[in-house]
Amino acid sequence: MKITSNSPETTGELAAFLAGKLQPGDVLTLEGDLGAGKTTFTKALGAALGVTKTINSPTFTIIKEYAGDLPFYHMDAYRLEDTEEDLGFEEYFFGSGVTVVEWASYIEDFLPEERLDIRVSYEGEDARSFFFTPRSSHFETICEEITNEYISD
Ligand code: ADP
Ligand code: MG
């Protein structure tokens, strides 16, 4: 399923809509080139989950934890390419918070099977496409709700 966004604000609204559907223990992955909009999406998602602190890309720390309506975990696996080191991912993925993983393919072996995969692609200066792949019935339901909200034909 594909949703197009024509501004960072529209991306933020999409992320906030998704945030409103999430439950404790949900895991989202974000793939896309540098500058695609993964962090922009994550900041809006976290804010909608009640995180009041500024969410910055955790490239150098790999995992950042925030307090919101529920715990919010932001991972960036960019620096983990080709590593097999387990940084205790299960504690996050199977915990009571929501986890967003940027560059998730670098830690593919550790990812839970039930998750929502999101690919962001650059289409033009302010245009981005978001491709959603639900990997559980819970996320299939959410994707249907996103479709109903954003795709009108
Ligand atoms: P990534 O984390 O994927 O490397 P960022 O979110 O850090 O990307 O950067 C995306 C950049 O693209 C930001 O400067 C943002 O303002 C800009 N941008 C322009 N249009 C959009 C859009 N429709 N959605 C998201 N970001 C956009
Ligand atoms: Mg980023």
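The values are calculated or read from the model by the stated rules, or taken from the named source; none is laboratory data. As the structure is a computational prediction, the values presented were derived from the model and not from experiment. Note: ideal-geometry Cβ built from the backbone for every residue, glycine included; neighbour counts use all protein chains shown. Calculation scope for accessible area: heavy atoms of the full protein, side chains included, ligands and nucleic acids excluded. Shrake-Rupley method; radii C 1.70, N 1.55, O 1.52, S 1.80 Å.
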Mind checking whether some residue in the range 24-32 is part of a loop (DSSP other than H, G, I, E, B), within 16 Å of ligand 2 (Cβ to nearest atom) and at pLDDT 95 or above?
yes
Scan the range 5-22 and report the pairs whose first residue is farther than 18 Å from Phe72 by Cβ and whose second residue is surrounded by fewer than 18 Cβ atoms within 10 Å (Cβ to Cβ), with Cβ atoms within less than 8 Å and a gap of 6+ or a chain change.
Ser5/Ala127; Ser5/Ser129; Asn6/Asp126; Asn6/Ala127; Ser7/Asp126; Pro8/Asp126
More than 16 Å from ligand 2 (Cβ to nearest atom), open to solvent by less than 40 Å² (accessible area, probe 1.4 Å) and in contact with a helix residue (DSSP H, G or I) (Cβ under 9 Å, 6 or more places away or on another chain): is that true of Phe132 in this structure?
yes
Mind checking which pairs have a first residue in the range 136-148 that is open to solvent by 40 Å² or more (accessible area, probe 1.4 Å) and a second that is polar (S, T, N, Q), Cβ under 9 Å, 6 or more apart or different chains?
His138/Gln23
When you scan the range 98-122, how many residues do you find that are under 13 Å from the mean Cα position of the chain (by Cα) and open to solvent by less than 10 Å² (accessible area, probe 1.4 Å)?
9
Quickly run through the range 64-81 and pick out the residues that are under 17 Å from Asp109 (Cα atoms), open to solvent by 20 Å² or more (accessible area, probe 1.4 Å) and in contact (Cβ under 8 Å) with a residue 24 or more places away in the chain.
Tyr78, Glu81
Unmet criterion (only one of (1) under 20 Å from Ile146 (Cβ atoms); (2) open to solvent by 10 Å² or more (accessible area, probe 1.4 Å); (3) touching a Leu at 6+ places or on another chain (Cβ under 7 Å)) for Ala15
(2)
